[in-house]
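Here the structure comes first, spelled out in structure tokens, and everything after it is commentary.
The values are calculated or read from the model by the stated rules, or taken from the named source; none is laboratory data. Bear in mind that the values here come from a model prediction, so they are computed numbers and not experimental data. Don't worry about glycine lacking a Cβ; one is built from the backbone with ideal geometry, like all the others, and counts go over all protein chains shown. Heads up: the accessible areas ignore ligands, DNA and RNA and are worked out on the full protein's heavy atoms, side chains in. Shrake-Rupley method; radii C 1.70, N 1.55, O 1.52, S 1.80 Å.
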Amino acid sequence: MKLWSAFYDLAVPDTPGCPFEAMDAALRQAATSFCEQSLAWKYEHPSIPVTIGIASYGVVAPAEAMMHAIIHAEFDGKEINSRIREADTWTAGWSRKTGMPEYIFGAAPSVTLVPVPDVAGTLSMTIALKPSPTAAGIDDFIFNEYREAIVHGALARLMLSPRKPYTNAQLAQYHSQQFLVKTADAGMRVARSYTRAPLRTRIMGRT
């Protein structure tokens, strides 16, 4: 894991007088937005044993991270469709049904299979992660590949702070645009690399 201080060489020179606490918060917020929009931080979740009659299962994310979305899911090797949990009304008609799971809903810290499984099996998932609200840093891969995008996002936030030595609305707009462009590029890169088969991704390491 790279601490937020690993970004300072790019961020601090443009924000004279910015407290490190404020810098860390801006970097965390920018990294969170980047991960949510790009889905670049992918993690192959450990297989989950599914029990007959039990629909919901906890998600175990790496330290300093939390689940944002489900990228791919399979039940006993058969792909199942993922949906965001916006849909209590959509699931109402399924609430009493049992059978082979057809859908999976993800909202940290758990996922729910629909309909309720009537057979035991194994759930496999590739999920998208983002920093937790108290994260002290970010995954090494995300840092190495996308740190410029995250710094642009942090600077855009900081430069909109009122009455600071680094307040600069014009530069904030520039950094915001660069953040959006680089985040979109990262999302396209992720989409191009994705196949219908489960992705083999590494677990966040600590250095």
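Points worth noting:
- The chain: angle of helix 140-158 to the longest principal axis, Cα-based, in degrees nearest 10: 60 degrees
- For the chain, a simple Cβ point-charge model (Lys and Arg +1, Asp and Glu -1, everything else neutral) yields a dipole of about 160 debye relative to the Cα centre.
- Comparing Ser161, Ser124, Ile138 along the charge dipole axis of segment 123-173, the residue lying farthest to the positive side is Ser161, per the Cβ-charge model.
- Value of [θ]222 nm, deg cm²/dmol, for the chain, DSSP H segments ≥ 4, -39500 (n - 2.57) each, nearest 500: -11000 deg cm²/dmol
- The share of accessible area on the chain that comes from carbon and sulfur is 54 percent, using a 1.4 angstrom probe.
- Nearest-ten-degree value, helix 169-193 long axis tilted from longest Cα axis of the chain: 30 degrees
- Assigned charges on the beta-carbon of Lys, Arg, Asp, Glu; segment 1-47 dipole about Cα centre (debye): 120 debye
- Per residue, segment 1-160 exposes an accessible area of 44 Å² to a 1.4 Å probe, with every protein chain left in place.
- Label-to-label distance, nm, for residues given as Arg189 and Ser56 (7 Å Cα→Cβ offset): 3.7 nm
- Annotation: the antiparallel percentage among DSSP beta bridges lying fully within the chain is about 80.
- In this simple spin-label model, placing a label point 7 Å from the Cα along the Cα-to-Cβ direction at both Thr98 and Glu21 gives a separation of 5.4 nm.
- In terms of the mean number of neighbouring beta-carbon atoms within 10 Å, the peptides 150-156, 130-136, 66-72 order highest first as 150-156, 66-72, 130-136.
- Taking all Cα pairs closer than 8 Å and separated by 6 or more residues, the relative contact order of the chain comes to 33 percent.
- Here the gap between Asp118 and Glu36, fully extended at 0.36 nm per residue and compared with their Cα-Cα distance, gives a gain of 26.2 nm.
- Correct option for P(r) over Cα pairs in 10 Å bins from 0, in percent [calculated from the coordinates] among [x] 9, 31, 28, 19, 10, 3, 0; [y] 9, 34, 33, 14, 6, 3, 1, 0; [z] 8, 37, 39, 14, 0: [x]
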